[in-house]
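Step one of this worksheet: look at the structure below.
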């Protein structure tokens, strides 16, 4: 699954960072039929 994720991040000390990231998630189904994220690749 591929996503584009944007968010604002504020650290405990008040520092600010804006993120705009493209990610690829590898999702698997376990033996009980549950979905699990097996890997996350950040492209930028």
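Those residues that are surrounded by fewer than 10 Cβ atoms within 10 Å (Cβ to Cβ) and either on the phi > 0 side of the Ramachandran plot or within 10 Å of the chain's Cα centre (by Cα) (or both), I need them from region 7-23; list them, please. Within region 7-23, just 14 meets the criteria.
Apart from one condition, residue 26 fits all of (1) at negative phi; (2) more than 14 Å from the chain's Cα centre (by Cα); the exception is (2). Checked across region 30-39, the condition of being surrounded by fewer than 10 Cβ atoms within 10 Å (Cβ to Cβ), assigned to a loop (DSSP other than H, G, I, E, B) and in contact with a strand residue (DSSP E or B) (Cβ under 8 Å, 6 or more places away or on another chain) holds for at least one residue.
Only the coordinates and a few stated rules stand behind these numbers; no lab work does. Worth saying up front: this structure is predicted, and the values here are computed from it rather than measured. Note that each Cβ is placed from the backbone with ideal geometry, even for glycine, and that neighbours are counted across all protein chains shown.
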